[in-house]
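Below is one structure, written out as structure tokens, with a few remarks after it.
Please treat every number below as a calculation from the coordinates, not as lab data. Model, not experiment: these values are computed from the prediction. Cβ atoms come from the backbone with ideal geometry, glycine included; neighbour counts cover every protein chain shown.
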Amino acid sequence: MSQADFTMGHHVPEMEPSPFAIPAKKLAMWLFIISDIMTFAACMIAYGFLRNFTSNWPRPFHSSTVVSVMVMTFILVTSSLTMVLAVRAAKRDDREWAFRWTLITMGAGVIFVVLHLREWQDMIDKGVRMNANPWGSSLFGALYFTVTGLELLHVVAGVIALLIVGIGYRSGRYSSTDLENCNLFWQFINMVWMFVVPFVYLLNVAN
């Protein structure tokens with residue numbers, strides 16, 4: 001028995017690992033998500049405040065836009081499921097299927113980006129700008145592009161991260177934990193979109 005096992009003649013019990021301990025990478029991802037939540041929350045609060053206190057706030061969206069948004073929502077929700085399946089396959093050490101599900105998730109993200117950019121182009125064609133709007137308050141354009149652009153930026157970043165980690169995982173460079181961290185970020189993107197849809201779109205459907 002070594003001296004480290006005794007203190008003042010008494011046996012020192014072996015310390016158990018903390019039940020709250022999490023890997024450093026996962027902790028970093030959670031801290032990033034928490035900080036990102038604050039950013040989105042600030043944008044949404046500002047959007048809600050200005051919308052409620054602006055008398056000529058426009059309601060430019062019609063049924064065609066709502067249908068497009070619902071399709072985009074379905075795609076994101078589906079990608080959330082395929083990402084979960086990718087993580088489950090990774091935990092079984094099934095690298096082939098984990099990579100396939102990751103590719104499907106990436107494909108859904110790319111489709112979402114294309115649809116979102118098409119919607120932006122439609123709004124730009126109608127005269128919406130960051131500092132201009134043909135229907136009412138010019139604040140609408142700035143907030144519309146800021147809130148939806150922030151979501152779009154996160155989806156693009158998520159797709160790039162999935163590509164890098166997915167290829168790295170398949171080659172053995174990354175582990176299932178790295179893929180799980182990507183899953184956390186992807187689920188966060190989905191959660192934010194569920195707030196963007198009612199705030200930005202459904203509350204601004206034309207009467």
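Exposure proxy for PHE199, PHE140: other Cβ atoms within 10 Å of each Cβ, ordered fewest to most, give PHE199, PHE140. The alpha carbon convex hull volume per residue for the stretch 79-136 rounds to 85 Å³. For helix 176-196, report the angle its Cα long axis makes with the longest principal axis of the Cα atoms of the chain; keep it between 0 and 90° and round to the nearest 10°. In the chain, helix 176-196 runs at an angle near 30 degrees to the longest axis. The charge dipole of the chain, taken about its Cα centre with unit charges on the Cβ of Lys, Arg, Asp and Glu (plus for the first two, minus for the last two), comes to roughly 540 debye. Think of each Lys and Arg Cβ as +1 and each Asp and Glu Cβ as -1; about the Cα centre, that makes the dipole of the stretch 96-207 roughly 120 debye. Of the residues SER79, LEU162, VAL69, the one whose Cα sits farthest towards the positive end of the charge dipole of the chain is VAL69 (charges of +1 on Lys and Arg Cβ, -1 on Asp and Glu Cβ, taken about the Cα centre).
Rounded to 0.05, the FRET efficiency of the ALA42 and LEU117 pair, given R0 = 30 Å and the Cβ-Cβ distance, is 0.75. Here the Kirkwood formula, the inverse mean of 1/r across different C-alpha pairs, assigns the stretch 64-207 a hydrodynamic radius of 16.1 Å.
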